[in-house]
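The values are calculated or read from the model by the stated rules, or taken from the named source; none is laboratory data. Note that the structure is predicted; figures quoted are calculated from it, not measured. Here Cβ is always computed from backbone atoms with ideal geometry, including for glycine, and neighbour counts include all displayed protein chains.
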Amino acid sequence: MEYTQLGSTGVTVSRLCFGTMSFGGDADESTSAAMFARCREAGINFFDCANVYSQGKAEEILGRLMKPCRDELVITSKVGIAFGQGPNNRGLSRRHIQMMVEGSLRRLGTDRLDVYFCHHSDPATPIDETLAAMNDLVRAGKVLYAGVSNWSAWQVAEAQGLCERRSWAKIAVLQPMYSLAKRTAEVEILPLAKARGIGVIPYSPLGGGLLTGKYTPTQRDEGGRLSTNKMYAQRYKRDSYFEIAQRFAEYARAAGVHPATLAVAWVKAHPAVTAPIIGARNVAQLEASLAAGEYKMTPEQHCQIADLTPPVPTANDRDEEKT
């Protein structure tokens with residue numbers, strides 16, 4: 001396993017991060033334990049979680065598993081998505097953030113979160129209230145680094161400027177969606193992160209399973225998330241995604257590499273990416289993604305794979321200036 005710095009933090013993390021969304025849901029506790037052990041065996045020291053994963057069960061399971069090696073690990077969680085019933089059990093208000101961090105710390109059995117993500121932006125709460133609350137958590141030592149997930153580049157830039165002016169803890173890590181099928185992050189998110197020294201841990205490098213070789217315009221995995229989960233079915237409903245999946249699977253077969261390995265390795269090879277978040281329902285499914293930790297992708301191969309999709313637009317639409 002390769003290791004790198006998490007943005008400008010000085011913290012060393014594995015080039016793959018394991019996402020625990022399946023813990024307590026698709027993966028019961030024994031299966032979760034087996035995947036955790038396999039990740040540790042492979043050298044992963046970076047684990048991503050959220051309070052809403054299995055409504056807190058994922059944090060509880062991860063907390064029990066990491067107890068013997070807590071100080072060896074970099075652990076994240078998130079706040080913002082509705083957690084329980086009630087009008088105030090969601091969002092990024094100071095009240096909600098303060099309540100939710102205490103619950104996450106308790107379920108994880110730890111005294112601090114290495115990274116705490118604002119899971120989504122919250123148009124109902126002024127950004128300075130959110131950032132002030134995150135800064136207070138950092139100053140109190142309950143959170144070591146603040147992060148945001150699913151924020152646009154302008155929101156991140158606004159947040160960083162506000163933090164600089166008020167000497168608050170800056171946004172240290174971003175968690176955007178990014179895969180060969182979903183490349184919007186390349187337009188502004190990844191260049192911003194690269195320029196400002198912000199760590200990036202993208203989620204869904206396999207496109208919800210789209211890039212595992214099981215999907216084509218005429219073929220579906222009936223047991224996969226794209227077939228059984230409404231959110232994923234909506235996210236990848238366009239025929240063009242399945243055309244990309246087919247071209248990519250054919251390329252992977254010709255290269256003699258499992259499509260999942262190649263898809264994760266392609267995301268990992270972007271110079272702004274710290275560590276793609278991989279996930280699985282069981283150890284057998286995990287292996288192909290884990291193999292991306294050792295896969296050496298050449299710049300030529302990275303370009304060949306990128307060319308399997310339509311060109312990504314530039315931020316100013318002056319495509320003639322691309323080099």
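A few remarks follow.
- Residues of segment 228-250 that turn out to be farther than 16 Å from Ala260 by Cα and of a type in the set (Gly, Ala, Ser), as a count: 2
- When Ala50, Ala58 are checked against the criterion of being over 23 Å from His270 (Cβ atoms), in a loop (DSSP other than H, G, I, E, B), of a type in the set (A, V, I, L, M, F, W, C) and under 19 Å from the mean Cα position of the chain (by Cα), a single residue qualifies: Ala50.
- When segment 208-236 is limited to residues that are exposed (fewer than 12 other Cβ atoms within 10 Å of the Cβ) and under 21 Å from the mean Cα position of the chain (by Cα), the one that is nearest to Ser289 (Cα to Cα) turns out to be Met231.
- Residue in segment 308-318 that is among the acidic types (Asp, Glu), in a helix (DSSP H, G or I) and free of Cβ contacts under 8 Å to residues at least 12 places away in the same chain present: no
- Every residue from segment 166-202 that is closer than 15 Å to Asn150 by Cβ, surrounded by fewer than 22 Cβ atoms within 10 Å (Cβ to Cβ) and of a type in the set (Ser, Thr, Tyr): Thr184
- Exclusive hit being on the phi > 0 side of the Ramachandran plot and modelled with pLDDT of 95 or more, set Gly43, Gly19: Gly43
- Answer residue from segment 158-212, given it is among the small types (Gly, Ala, Ser) and without any contact (Cβ under 8 Å) to a residue 12 or more places away in the chain and is nearest to Ala252 (Cα to Cα) among those: Ala195
- Check on Gly223, within 30 Å of Ala27 (Cα to Cα) and modelled with pLDDT of 95 or more: no
- Top-ranked residue in segment 312-322 [being of a type outside the set (Gly, Ala, Ser) and out of contact with any Lys or Arg (no Cβ under 8 Å at 6 or more places or on another chain); ranked as modelled with the highest pLDDT]: Pro313
- Selected residue (criterion: nearest to the chain's Cα centre (by Cα)) from residues of segment 136-172 that are under 23 Å from Arg112 (Cα atoms) and aromatic (Phe, Trp, Tyr): Tyr145
- Test: Ile244 is closer than 16 Å to Pro202 by Cβ and either at pLDDT 95 or above or among the small types (Gly, Ala, Ser) (or both): no
- Top-ranked residue in segment 61-79 [being in a helix (DSSP H, G or I) and among the charged types (D, E, K, R); ranked as surrounded by the fewest Cβ atoms within 10 Å (Cβ to Cβ)]: Asp71
- All positions within segment 145-157 that are over 15 Å from Ala195 (Cα atoms) and either among the basic types (Lys, Arg) or without any contact (Cβ under 8 Å) to a residue 60 or more places away in the chain (or both): Ala146, Val148, Asn150, Trp151, Ser152, Gln155
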